[in-house]
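Everything on this sheet refers to the single structure shown next.
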Amino acid sequence: MTNRRVRVRFAPSPTGALHIGGVRTALYNYLFARQNDGDFLLRIEDTDSNRFVPGAEEYIVESFKWLGLSFDEGVGVGGKNGPYRQSERRDIYKQYVNILLESNKAYIAFDTPEELEKKRTEIANFQYDASTRMKMRNSLTLSKEDVSALIASGTNYVVRFKIEPGEEIHVNDLIRGEVVINSSILDDKVLYKSADELPTYHLANIVDDHLMDISHVIRGEEWLPSAPLHVLLYRAFGWENTMPAFAHLPLLLKPEGNGKLSKRDGDRLGFPVFPLEWHDPKSGEVSSGYRESGYLPEAVVNFLALLGWNPGNDQELMSLEELTRLFSLEHCSKSGAKFDYKKGIWFNHEYILMKPDEEIAKLFVPVLEEHGVDAPFDKVITVVGMMKNRVSFVRELWDAASFFFVAPLAYDEKTVQKRWKEDSSQCMTELMQVLAGIDDFGIENQEKIVMDWIASKGYHTGNIMNAFRLTLVGEGKGPHMFDISWLLGKEETLSRMQRAIEILK
Ligand code: GLU
(Lines give C-alpha, C1' and ligand atoms only; values in the text may rest on other atoms or scores of the structure.)
Protein backbone atom coordinates (compact mmCIF):
# COMPACT_ATOMS: atom_id res chain seq x y z
CA MET A 1 0.00 0.00 0.00
CA THR A 2 1.66 3.18 -1.09
CA ASN A 3 0.82 6.55 0.38
CA ARG A 4 -0.84 5.01 3.35
CA ARG A 5 -0.47 7.07 6.48
CA VAL A 6 1.84 5.34 8.94
CA ARG A 7 -0.09 4.37 12.04
CA VAL A 8 1.42 2.00 14.55
CA ARG A 9 0.36 0.88 17.96
CA PHE A 10 1.79 -0.47 21.15
CA ALA A 11 -0.74 -2.91 22.52
CA PRO A 12 0.29 -4.25 25.92
CA SER A 13 -1.82 -6.44 28.12
CA PRO A 14 -1.98 -5.08 31.66
CA THR A 15 -0.82 -8.29 33.31
CA GLY A 16 1.93 -6.86 35.51
CA ALA A 17 5.01 -4.73 35.13
CA LEU A 18 5.98 -3.92 31.58
CA HIS A 19 8.98 -6.02 30.63
CA ILE A 20 11.96 -4.16 29.17
CA GLY A 21 11.46 -6.09 25.90
CA GLY A 22 8.02 -4.50 25.65
CA VAL A 23 9.61 -1.11 26.16
CA ARG A 24 11.95 -1.80 23.26
CA THR A 25 8.97 -2.82 21.08
CA ALA A 26 7.21 0.43 21.97
CA LEU A 27 10.37 2.43 21.26
CA TYR A 28 10.74 0.96 17.76
CA ASN A 29 7.09 1.73 17.06
CA TYR A 30 7.62 5.26 18.32
CA LEU A 31 10.72 5.81 16.17
CA PHE A 32 9.01 4.41 13.11
CA ALA A 33 5.95 6.60 13.62
CA ARG A 34 7.92 9.78 14.24
CA GLN A 35 10.24 9.16 11.32
CA ASN A 36 7.30 8.82 8.97
CA ASP A 37 5.26 11.65 10.47
CA GLY A 38 2.76 9.03 11.44
CA ASP A 39 0.75 8.22 14.53
CA PHE A 40 1.67 6.16 17.55
CA LEU A 41 -1.20 4.64 19.50
CA LEU A 42 -1.45 3.11 22.94
CA ARG A 43 -4.07 0.40 23.11
CA ILE A 44 -4.64 -1.59 26.26
CA GLU A 45 -5.45 -5.21 25.51
CA ASP A 46 -7.29 -6.20 28.64
CA THR A 47 -9.63 -8.85 27.32
CA ASP A 48 -8.18 -11.64 29.42
CA SER A 49 -9.94 -10.89 32.68
CA ASN A 50 -8.11 -13.73 34.46
CA ARG A 51 -4.76 -12.09 33.90
CA PHE A 52 -5.77 -8.50 34.63
CA VAL A 53 -3.61 -6.87 37.30
CA PRO A 54 -4.71 -3.63 38.95
CA GLY A 55 -2.24 -0.78 38.54
CA ALA A 56 -0.57 -2.28 35.48
CA GLU A 57 -2.16 0.18 33.05
CA GLU A 58 -1.12 3.20 35.13
CA TYR A 59 2.35 1.70 35.35
CA ILE A 60 2.57 1.46 31.56
CA VAL A 61 1.44 5.05 31.07
CA GLU A 62 3.88 6.34 33.67
CA SER A 63 6.75 4.36 32.18
CA PHE A 64 6.43 6.07 28.83
CA LYS A 65 6.06 9.47 30.43
CA TRP A 66 9.35 8.88 32.22
CA LEU A 67 11.04 7.66 29.05
CA GLY A 68 9.81 10.65 27.09
CA LEU A 69 7.97 8.60 24.48
CA SER A 70 4.65 10.23 23.70
CA PHE A 71 1.57 8.76 22.12
CA ASP A 72 -0.69 10.51 19.63
CA GLU A 73 -3.78 8.51 20.41
CA GLY A 74 -4.87 6.03 22.99
CA VAL A 75 -5.34 5.41 26.66
CA GLY A 76 -4.40 8.53 28.58
CA VAL A 77 -4.42 10.64 25.41
CA GLY A 78 -7.79 10.11 23.74
CA GLY A 79 -8.48 10.29 20.02
CA LYS A 80 -11.19 9.69 17.50
CA ASN A 81 -10.81 5.91 17.32
CA GLY A 82 -11.54 5.23 20.97
CA PRO A 83 -12.20 3.74 23.32
CA TYR A 84 -8.66 2.40 23.39
CA ARG A 85 -9.16 -0.01 26.22
CA GLN A 86 -10.41 -3.28 24.77
CA SER A 87 -12.62 -4.07 27.75
CA GLU A 88 -14.66 -1.02 26.72
CA ARG A 89 -15.16 -2.27 23.16
CA ARG A 90 -17.25 -5.39 23.83
CA ASP A 91 -20.13 -4.33 21.60
CA ILE A 92 -17.82 -3.69 18.69
CA TYR A 93 -16.27 -7.15 18.90
CA LYS A 94 -19.67 -8.77 19.24
CA GLN A 95 -20.68 -7.22 15.93
CA TYR A 96 -17.65 -8.63 14.17
CA VAL A 97 -18.07 -12.04 15.74
CA ASN A 98 -21.58 -12.05 14.31
CA ILE A 99 -20.30 -11.15 10.87
CA LEU A 100 -18.07 -14.23 10.90
CA LEU A 101 -20.87 -16.42 12.22
CA GLU A 102 -23.30 -15.21 9.58
CA SER A 103 -20.86 -15.84 6.78
CA ASN A 104 -20.06 -19.33 8.14
CA LYS A 105 -16.46 -18.43 8.76
CA ALA A 106 -16.92 -19.16 12.42
CA TYR A 107 -19.15 -21.44 14.45
CA ILE A 108 -20.45 -21.83 17.97
CA ALA A 109 -19.00 -24.61 20.12
CA PHE A 110 -20.45 -25.93 23.37
CA ASP A 111 -17.80 -28.46 24.33
CA THR A 112 -17.06 -28.23 28.01
CA PRO A 113 -13.50 -28.38 29.33
CA GLU A 114 -14.25 -31.94 30.51
CA GLU A 115 -15.46 -33.00 27.08
CA LEU A 116 -12.39 -31.53 25.46
CA GLU A 117 -10.17 -33.31 27.96
CA LYS A 118 -11.90 -36.58 27.17
CA LYS A 119 -11.33 -36.12 23.44
CA ARG A 120 -7.67 -35.50 24.13
CA THR A 121 -7.38 -38.88 25.77
CA GLU A 122 -9.33 -40.59 22.98
CA ILE A 123 -7.59 -39.01 20.00
CA ALA A 124 -3.81 -38.80 19.81
CA ASN A 125 -2.54 -35.24 19.22
CA PHE A 126 -6.09 -33.98 19.36
CA GLN A 127 -6.61 -30.57 17.83
CA TYR A 128 -9.94 -28.82 17.32
CA ASP A 129 -9.79 -28.46 13.54
CA ALA A 130 -11.23 -29.67 10.23
CA SER A 131 -10.34 -33.27 11.08
CA THR A 132 -12.20 -33.29 14.39
CA ARG A 133 -14.76 -30.52 14.42
CA MET A 134 -17.53 -32.73 13.03
CA LYS A 135 -17.10 -35.03 16.02
CA MET A 136 -17.66 -32.22 18.51
CA ARG A 137 -20.63 -30.45 20.04
CA ASN A 138 -21.01 -27.33 17.95
CA SER A 139 -23.28 -25.47 15.59
CA LEU A 140 -21.92 -27.52 12.69
CA THR A 141 -23.06 -30.80 14.21
CA LEU A 142 -26.14 -29.76 16.21
CA SER A 143 -29.45 -28.68 14.75
CA LYS A 144 -30.34 -25.00 14.62
CA GLU A 145 -33.05 -25.60 17.21
CA ASP A 146 -30.66 -27.31 19.61
CA VAL A 147 -28.16 -24.50 19.26
CA SER A 148 -30.82 -21.86 19.93
CA ALA A 149 -32.15 -23.81 22.89
CA LEU A 150 -28.70 -24.22 24.43
CA ILE A 151 -27.97 -20.53 24.08
CA ALA A 152 -31.40 -19.57 25.42
CA SER A 153 -30.85 -21.75 28.47
CA GLY A 154 -27.65 -19.84 29.25
CA THR A 155 -25.20 -22.58 28.33
CA ASN A 156 -21.68 -21.23 27.98
CA TYR A 157 -20.20 -21.38 24.50
CA VAL A 158 -17.27 -20.15 22.52
CA VAL A 159 -17.05 -19.01 18.94
CA ARG A 160 -14.36 -20.75 16.93
CA PHE A 161 -12.74 -19.69 13.70
CA LYS A 162 -13.39 -22.25 10.96
CA ILE A 163 -10.03 -22.74 9.35
CA GLU A 164 -10.03 -24.40 5.94
CA PRO A 165 -7.20 -26.92 5.72
CA GLY A 166 -4.60 -27.28 3.00
CA GLU A 167 -4.11 -23.63 2.25
CA GLU A 168 -0.75 -21.93 2.05
CA ILE A 169 -0.58 -18.81 4.12
CA HIS A 170 2.07 -16.24 3.31
CA VAL A 171 3.18 -13.72 5.87
CA ASN A 172 5.47 -11.02 4.54
CA ASP A 173 7.54 -9.87 7.41
CA LEU A 174 9.60 -6.72 6.99
CA ILE A 175 12.35 -8.17 9.16
CA ARG A 176 12.17 -11.90 8.55
CA GLY A 177 11.07 -11.94 4.93
CA GLU A 178 8.36 -14.30 3.74
CA VAL A 179 7.09 -16.91 6.13
CA VAL A 180 4.87 -19.62 4.63
CA ILE A 181 2.82 -22.12 6.58
CA ASN A 182 0.03 -24.51 5.76
CA SER A 183 -3.36 -23.82 7.32
CA SER A 184 -3.73 -27.52 8.20
CA ILE A 185 -1.46 -27.11 11.19
CA LEU A 186 -3.68 -24.44 12.74
CA ASP A 187 -6.53 -25.21 15.10
CA ASP A 188 -9.96 -23.58 15.06
CA LYS A 189 -8.98 -20.80 17.42
CA VAL A 190 -11.44 -19.52 19.97
CA LEU A 191 -12.39 -15.96 19.03
CA TYR A 192 -15.02 -15.22 21.64
CA LYS A 193 -16.24 -16.55 24.97
CA SER A 194 -19.83 -16.13 26.08
CA ALA A 195 -18.87 -16.61 29.71
CA ASP A 196 -17.31 -13.14 29.99
CA GLU A 197 -18.75 -11.78 26.74
CA LEU A 198 -15.26 -10.97 25.64
CA PRO A 199 -13.30 -11.75 22.51
CA THR A 200 -9.91 -13.41 22.70
CA TYR A 201 -6.69 -11.62 21.85
CA HIS A 202 -6.75 -12.70 18.19
CA LEU A 203 -10.13 -11.30 17.31
CA ALA A 204 -9.86 -8.11 19.32
CA ASN A 205 -6.37 -7.41 18.01
CA ILE A 206 -7.36 -7.83 14.35
CA VAL A 207 -10.62 -5.90 14.62
CA ASP A 208 -8.90 -3.03 16.39
CA ASP A 209 -5.93 -2.90 14.06
CA HIS A 210 -8.42 -2.67 11.22
CA LEU A 211 -10.74 -0.11 12.80
CA MET A 212 -7.82 1.98 14.01
CA ASP A 213 -6.33 1.86 10.52
CA ILE A 214 -3.01 0.44 11.67
CA SER A 215 -0.50 0.35 8.81
CA HIS A 216 2.34 -1.58 10.46
CA VAL A 217 2.32 -4.13 13.23
CA ILE A 218 5.73 -4.02 14.90
CA ARG A 219 5.90 -6.44 17.80
CA GLY A 220 7.93 -9.10 19.53
CA GLU A 221 8.86 -12.29 17.78
CA GLU A 222 6.75 -14.32 20.21
CA TRP A 223 3.73 -13.18 18.19
CA LEU A 224 5.06 -14.47 14.87
CA PRO A 225 3.24 -17.81 15.24
CA SER A 226 -0.06 -15.90 15.46
CA ALA A 227 0.55 -14.01 12.25
CA PRO A 228 -0.77 -16.67 9.82
CA LEU A 229 -4.00 -16.86 11.79
CA HIS A 230 -4.23 -13.10 11.68
CA VAL A 231 -3.77 -13.14 7.92
CA LEU A 232 -6.66 -15.60 7.67
CA LEU A 233 -8.82 -13.38 9.84
CA TYR A 234 -8.13 -10.37 7.65
CA ARG A 235 -9.13 -12.49 4.69
CA ALA A 236 -12.29 -13.73 6.38
CA PHE A 237 -13.39 -10.15 6.95
CA GLY A 238 -12.40 -9.12 3.43
CA TRP A 239 -9.80 -6.68 4.72
CA GLU A 240 -6.78 -8.02 2.80
CA ASN A 241 -6.20 -4.70 1.08
CA THR A 242 -5.72 -2.77 4.27
CA MET A 243 -3.91 -5.49 6.15
CA PRO A 244 -0.99 -3.98 8.07
CA ALA A 245 2.57 -4.90 7.22
CA PHE A 246 4.20 -7.11 9.84
CA ALA A 247 7.59 -6.71 11.49
CA HIS A 248 8.53 -9.17 14.21
CA LEU A 249 11.39 -8.03 16.40
CA PRO A 250 14.11 -10.38 17.62
CA LEU A 251 14.05 -11.64 21.18
CA LEU A 252 16.05 -10.09 23.97
CA LEU A 253 18.43 -12.79 25.16
CA LYS A 254 20.13 -13.40 28.49
CA PRO A 255 23.42 -11.50 28.90
CA GLU A 256 25.22 -14.79 28.25
CA GLY A 257 23.22 -15.21 25.06
CA ASN A 258 21.54 -18.54 25.81
CA GLY A 259 17.78 -18.23 25.93
CA LYS A 260 15.25 -15.55 26.58
CA LEU A 261 15.94 -12.73 29.02
CA SER A 262 13.91 -13.19 32.18
CA LYS A 263 13.35 -11.41 35.44
CA ARG A 264 15.47 -14.07 37.10
CA ASP A 265 18.48 -12.97 35.04
CA GLY A 266 18.06 -9.50 36.43
CA ASP A 267 17.83 -10.80 40.00
CA ARG A 268 20.83 -13.06 39.45
CA LEU A 269 23.10 -10.42 37.93
CA GLY A 270 21.69 -7.35 39.62
CA PHE A 271 20.02 -5.30 36.90
CA PRO A 272 16.39 -4.24 36.42
CA VAL A 273 14.20 -5.76 33.72
CA PHE A 274 11.42 -3.22 34.24
CA PRO A 275 11.39 0.50 33.45
CA LEU A 276 10.00 1.52 36.85
CA GLU A 277 9.97 -0.17 40.20
CA TRP A 278 7.01 -2.51 40.40
CA HIS A 279 5.09 -3.48 43.52
CA ASP A 280 3.19 -6.63 42.75
CA PRO A 281 -0.27 -6.14 44.27
CA LYS A 282 -0.79 -9.86 44.85
CA SER A 283 2.53 -11.17 46.10
CA GLY A 284 3.73 -7.87 47.54
CA GLU A 285 7.02 -8.52 45.80
CA VAL A 286 8.98 -5.43 44.77
CA SER A 287 10.98 -5.52 41.53
CA SER A 288 13.59 -2.92 40.75
CA GLY A 289 13.18 -0.44 37.92
CA TYR A 290 15.56 1.52 35.73
CA ARG A 291 14.21 4.81 37.06
CA GLU A 292 14.68 3.99 40.72
CA SER A 293 18.05 2.40 40.05
CA GLY A 294 19.32 5.76 38.87
CA TYR A 295 19.33 5.41 35.10
CA LEU A 296 18.65 8.47 33.00
CA PRO A 297 15.71 7.91 30.65
CA GLU A 298 17.75 9.06 27.65
CA ALA A 299 20.39 6.45 28.43
CA VAL A 300 17.78 3.69 28.68
CA VAL A 301 16.24 4.72 25.36
CA ASN A 302 19.62 4.80 23.62
CA PHE A 303 20.64 1.47 25.12
CA LEU A 304 17.38 -0.25 24.14
CA ALA A 305 17.42 1.19 20.62
CA LEU A 306 20.61 -0.72 19.89
CA LEU A 307 19.29 -4.06 21.13
CA GLY A 308 18.20 -5.46 17.80
CA TRP A 309 18.96 -2.53 15.54
CA ASN A 310 22.01 -0.56 14.51
CA PRO A 311 22.46 2.49 12.30
CA GLY A 312 24.64 0.59 9.82
CA ASN A 313 27.86 1.84 11.37
CA ASP A 314 29.34 1.72 14.86
CA GLN A 315 27.82 4.92 16.17
CA GLU A 316 26.40 4.26 19.62
CA LEU A 317 25.44 7.54 21.26
CA MET A 318 22.29 8.89 19.67
CA SER A 319 19.63 11.22 20.93
CA LEU A 320 15.97 10.42 20.42
CA GLU A 321 15.95 12.83 17.47
CA GLU A 322 18.93 11.11 15.88
CA LEU A 323 17.44 7.69 16.50
CA THR A 324 14.25 8.88 14.85
CA ARG A 325 16.18 10.00 11.81
CA LEU A 326 18.35 6.90 11.53
CA PHE A 327 15.98 4.09 12.52
CA SER A 328 14.93 1.57 9.91
CA LEU A 329 13.20 -1.76 10.10
CA GLU A 330 15.58 -3.03 7.40
CA HIS A 331 18.45 -2.66 9.84
CA CYS A 332 16.70 -4.66 12.54
CA SER A 333 18.34 -7.98 13.10
CA LYS A 334 16.65 -11.34 12.73
CA SER A 335 18.63 -12.94 15.49
CA GLY A 336 18.17 -12.32 19.18
CA ALA A 337 19.96 -9.47 20.93
CA LYS A 338 22.04 -10.25 24.00
CA PHE A 339 20.98 -8.06 26.88
CA ASP A 340 24.35 -6.59 27.71
CA TYR A 341 23.30 -4.76 30.87
CA LYS A 342 26.86 -3.54 31.43
CA LYS A 343 26.49 -1.61 28.23
CA GLY A 344 23.44 0.00 29.81
CA ILE A 345 25.62 1.16 32.69
CA TRP A 346 28.13 2.53 30.19
CA PHE A 347 25.37 4.46 28.44
CA ASN A 348 24.32 5.94 31.76
CA HIS A 349 27.87 7.10 32.39
CA GLU A 350 28.06 8.66 28.95
CA TYR A 351 24.77 10.50 29.41
CA ILE A 352 25.90 11.81 32.78
CA LEU A 353 28.97 13.20 31.02
CA MET A 354 26.95 14.69 28.17
CA LYS A 355 24.37 16.39 30.35
CA PRO A 356 25.02 19.87 31.72
CA ASP A 357 26.51 19.80 35.23
CA GLU A 358 23.56 21.78 36.46
CA GLU A 359 21.11 19.10 35.40
CA ILE A 360 23.09 16.37 37.14
CA ALA A 361 23.47 18.63 40.18
CA LYS A 362 19.68 18.82 40.44
CA LEU A 363 19.58 15.05 40.63
CA PHE A 364 22.39 14.99 43.16
CA VAL A 365 20.72 17.42 45.58
CA PRO A 366 18.22 14.82 46.89
CA VAL A 367 21.10 12.39 47.47
CA LEU A 368 22.90 15.06 49.49
CA GLU A 369 19.72 15.75 51.44
CA GLU A 370 19.41 12.07 52.27
CA HIS A 371 22.78 12.40 53.92
CA GLY A 372 21.73 15.53 55.77
CA VAL A 373 23.75 17.86 53.57
CA ASP A 374 22.37 21.22 52.56
CA ALA A 375 24.97 22.78 50.29
CA PRO A 376 24.88 25.90 48.09
CA PHE A 377 23.72 24.86 44.62
CA ASP A 378 26.73 26.48 42.95
CA LYS A 379 29.03 24.32 44.96
CA VAL A 380 27.04 21.20 44.02
CA ILE A 381 27.38 22.13 40.35
CA THR A 382 31.15 22.56 40.71
CA VAL A 383 31.55 19.24 42.51
CA VAL A 384 29.50 17.51 39.82
CA GLY A 385 31.69 19.03 37.13
CA MET A 386 34.84 17.84 38.90
CA MET A 387 33.66 14.37 39.75
CA LYS A 388 31.07 13.16 37.25
CA ASN A 389 33.57 11.49 34.97
CA ARG A 390 34.18 8.99 37.75
CA VAL A 391 30.64 7.68 38.15
CA SER A 392 28.01 5.73 36.25
CA PHE A 393 25.13 6.72 38.51
CA VAL A 394 24.34 10.04 40.15
CA ARG A 395 24.10 8.46 43.58
CA GLU A 396 27.71 7.21 43.23
CA LEU A 397 28.72 10.86 43.42
CA TRP A 398 28.19 10.62 47.16
CA ASP A 399 30.91 8.03 47.62
CA ALA A 400 33.18 9.81 45.22
CA ALA A 401 32.68 13.33 46.51
CA SER A 402 31.11 13.41 49.97
CA PHE A 403 34.35 14.88 51.41
CA PHE A 404 33.51 18.12 49.64
CA PHE A 405 30.51 18.46 51.92
CA VAL A 406 31.47 16.76 55.17
CA ALA A 407 34.84 16.79 56.86
CA PRO A 408 36.37 13.37 57.46
CA LEU A 409 35.47 11.94 60.85
CA ALA A 410 38.07 9.24 60.65
CA TYR A 411 41.19 8.63 58.63
CA ASP A 412 41.59 5.53 56.55
CA GLU A 413 44.02 3.32 58.41
CA LYS A 414 45.90 1.94 55.45
CA THR A 415 46.39 5.37 53.97
CA VAL A 416 47.60 6.69 57.31
CA GLN A 417 50.13 3.89 57.61
CA LYS A 418 51.44 4.50 54.14
CA ARG A 419 51.25 8.25 53.86
CA TRP A 420 51.44 9.86 57.27
CA LYS A 421 55.18 9.96 57.92
CA GLU A 422 57.24 10.84 60.96
CA ASP A 423 57.45 14.47 59.94
CA SER A 424 53.94 14.84 58.50
CA SER A 425 52.52 16.68 61.52
CA GLN A 426 55.37 19.12 61.38
CA CYS A 427 55.10 19.62 57.63
CA MET A 428 51.34 20.08 57.77
CA THR A 429 51.67 22.63 60.55
CA GLU A 430 54.09 24.55 58.34
CA LEU A 431 51.83 24.18 55.33
CA MET A 432 48.95 25.57 57.37
CA GLN A 433 50.97 28.70 57.96
CA VAL A 434 51.78 28.98 54.27
CA LEU A 435 48.15 28.57 53.29
CA ALA A 436 46.96 30.99 55.99
CA GLY A 437 49.09 33.64 54.38
CA ILE A 438 47.59 33.27 50.90
CA ASP A 439 45.04 35.93 49.95
CA ASP A 440 44.09 34.66 46.53
CA PHE A 441 43.09 31.08 47.35
CA GLY A 442 42.48 30.29 43.68
CA ILE A 443 43.77 26.99 42.37
CA GLU A 444 46.72 28.32 40.38
CA ASN A 445 47.97 30.80 42.92
CA GLN A 446 47.73 28.32 45.76
CA GLU A 447 49.54 25.69 43.77
CA LYS A 448 52.36 28.04 42.82
CA ILE A 449 52.94 29.25 46.37
CA VAL A 450 52.82 25.78 47.88
CA MET A 451 55.13 24.34 45.24
CA ASP A 452 57.62 27.16 45.79
CA TRP A 453 57.51 26.52 49.51
CA ILE A 454 58.11 22.78 49.01
CA ALA A 455 61.06 23.54 46.76
CA SER A 456 62.57 26.09 49.12
CA LYS A 457 62.36 23.59 51.98
CA GLY A 458 63.65 20.72 49.90
CA TYR A 459 60.64 18.61 50.87
CA HIS A 460 59.40 15.62 48.88
CA THR A 461 56.39 16.80 46.85
CA GLY A 462 54.66 13.44 46.92
CA ASN A 463 54.93 13.11 50.67
CA ILE A 464 53.52 16.58 51.26
CA MET A 465 50.68 16.14 48.83
CA ASN A 466 49.74 12.73 50.20
CA ALA A 467 49.61 14.00 53.76
CA PHE A 468 47.72 17.12 52.67
CA ARG A 469 45.15 14.97 50.86
CA LEU A 470 44.74 12.74 53.88
CA THR A 471 43.95 15.73 56.09
CA LEU A 472 41.24 17.05 53.76
CA VAL A 473 39.71 13.85 52.36
CA GLY A 474 40.42 11.28 55.06
CA GLU A 475 41.81 8.86 52.52
CA GLY A 476 43.94 8.75 49.39
CA LYS A 477 41.32 9.49 46.73
CA GLY A 478 39.94 12.58 45.05
CA PRO A 479 40.69 14.94 42.20
CA HIS A 480 43.58 17.38 41.84
CA MET A 481 44.71 18.46 45.31
CA PHE A 482 44.29 22.19 44.86
CA ASP A 483 40.85 21.73 43.29
CA ILE A 484 39.86 20.28 46.63
CA SER A 485 41.42 22.94 48.86
CA TRP A 486 40.14 25.73 46.58
CA LEU A 487 36.58 24.44 46.68
CA LEU A 488 36.67 23.81 50.42
CA GLY A 489 37.97 27.33 50.93
CA LYS A 490 40.72 28.54 53.20
CA GLU A 491 38.87 28.36 56.47
CA GLU A 492 37.58 24.82 56.02
CA THR A 493 40.93 23.65 54.64
CA LEU A 494 42.79 24.95 57.67
CA SER A 495 40.30 23.58 60.15
CA ARG A 496 40.44 20.11 58.57
CA MET A 497 44.23 20.20 58.65
CA GLN A 498 44.25 21.28 62.26
CA ARG A 499 41.97 18.45 63.22
CA ALA A 500 43.97 15.84 61.32
CA ILE A 501 47.20 16.96 62.95
CA GLU A 502 45.62 16.68 66.38
CA ILE A 503 44.26 13.23 65.75
CA LEU A 504 47.16 11.75 63.79
CA LYS A 505 50.19 13.16 65.56
N1 GLU B 1 -1.49 -7.73 23.70
C2 GLU B 1 -0.36 -8.26 23.02
C3 GLU B 1 0.82 -8.12 23.95
O4 GLU B 1 0.61 -8.12 25.12
C5 GLU B 1 -0.18 -7.51 21.72
C6 GLU B 1 0.61 -8.23 20.69
C7 GLU B 1 0.56 -7.44 19.41
O8 GLU B 1 1.21 -6.41 19.35
O9 GLU B 1 -0.17 -7.84 18.48
O10 GLU B 1 1.96 -8.04 23.58
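The values are calculated or read from the model by the stated rules, or taken from the named source; none is laboratory data. These numbers come from a predicted model, not from an experiment. With ideal geometry, Cβ positions are generated from the backbone for all residues, glycine too; neighbour counts draw on all protein chains shown.
Tabulated data for the structure shown
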{"read-out": "Condition check for P54: free of Cβ contacts under 8 Å to residues at least 24 places away in the same chain and surrounded by fewer than 18 Cβ atoms within 10 Å (Cβ to Cβ)", "value": "no"}
{"read-out": "Residues (modelled with pLDDT of 95 or more, of a type outside the set (S, T, Y) and more than 22 Å from E350 (Cβ to Cβ)) located in the stretch 282-315", "value": "G284, E285, V286"}
{"read-out": "The lone exception for E447 - which of (1) farther than 16 Å from D483 by Cα; (2) within 55 Å of the chain's Cα centre (by Cα); (3) surrounded by 14 or more Cβ atoms within 10 Å (Cβ to Cβ) it fails", "value": "(1)"}
{"read-out": "Residue in the stretch 59-66 that is acidic (D, E), within 15 Å of the ligand (Cβ to nearest atom) and in a helix (DSSP H, G or I) present", "value": "no"}
{"read-out": "Leading residue by the ranking (nearest to the ligand (Cβ to nearest atom)) among those in the stretch 185-225 that are under 27 Å from L31 (Cβ atoms), in contact with a helix residue (DSSP H, G or I) (Cβ under 9 Å, 6 or more places away or on another chain) and not in a helix (DSSP H, G or I)", "value": "R219"}
{"read-out": "Residue within the stretch 302-316 that is surrounded by fewer than 19 Cβ atoms within 10 Å (Cβ to Cβ) and out of contact with any helix residue (DSSP H, G or I) (no Cβ under 9 Å at 6 or more places or on another chain) present", "value": "yes"}
{"read-out": "Scan of the stretch 305-361 for residues that are of a type in the set (D, E, K, R) and assigned to a loop (DSSP other than H, G, I, E, B), ordered by number", "value": "D314, E316, K334, D340, K355"}
{"read-out": "Candidate set: the stretch 150-184, residues that are in a loop (DSSP other than H, G, I, E, B) and among the aliphatic types (A, V, I, L, M); chosen: the one farthest from I206 (Cα to Cα)", "value": "I175"}
{"read-out": "Qualifying residue in the stretch 164-171 (condition: modelled with pLDDT of 95 or more and within 16 Å of the ligand (Cβ to nearest atom))", "value": "yes"}
{"read-out": "Test for G474: is it within 49 Å of the chain's Cα centre (by Cα), in contact (Cβ under 8 Å) with a residue 40 or more places away in the chain, closer than 30 Å to L353 by Cα and crowded, with 16+ Cβ neighbours inside 10 Å", "value": "yes"}
{"read-out": "Scan of the stretch 8-57 for residues that are near the ligand (Cβ under 10 Å from one of its atoms), outside any helix (DSSP H, G or I) and of a type outside the set (A, V, I, L, M), ordered by number", "value": "R9, F10, P12, S13, P14, T15, H19, R43, E45, D46, T47, D48"}
{"read-out": "Among residues of the stretch 137-175, those that are more than 17 Å from K189 (Cβ to Cβ) and of a type outside the set (A, V, I, L, M, F, W, C), counted", "value": "16"}
{"read-out": "Of all residues making up the stretch 37-51, the number that are basic (K, R) and either without any contact (Cβ under 8 Å) to a residue 40 or more places away in the chain or surrounded by fewer than 23 Cβ atoms within 10 Å (Cβ to Cβ) (or both)", "value": "1"}
{"read-out": "Leading residue by the ranking (nearest to the ligand (Cβ to nearest atom)) among those in the stretch 226-250 that are in a loop (DSSP other than H, G, I, E, B) and surrounded by fewer than 18 Cβ atoms within 10 Å (Cβ to Cβ)", "value": "W239"}
{"read-out": "Cross-chain or 6+ apart pairs with Cβ under 8 Å, the stretch 358-381 first and surrounded by 15 or more Cβ atoms within 10 Å (Cβ to Cβ), then of a type in the set (K, R)", "value": "I360/K388; V367/R395"}
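Residue by residue, here is whether (1) touching a Phe, Trp or Tyr at 6+ places or on another chain (Cβ under 8 Å); (2) of a type in the set (S, T, Y) holds:
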position	(1), (2)
T47	yes, yes
F52	no, no
K80	no, no
R85	no, no
Y96	yes, yes
N104	no, no
A109	yes, no
P113	no, no
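Yes/no matrix, rows are residues, columns are (1) in contact (Cβ under 8 Å) with a residue 12 or more places away in the chain; (2) surrounded by fewer than 18 Cβ atoms within 10 Å (Cβ to Cβ); (3) part of a helix (DSSP H, G or I):
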residue	(1), (2), (3)
Y459	yes, yes, no
I464	yes, no, yes
A467	yes, no, yes
I484	yes, no, yes
E492	yes, yes, yes
R499	yes, yes, yes
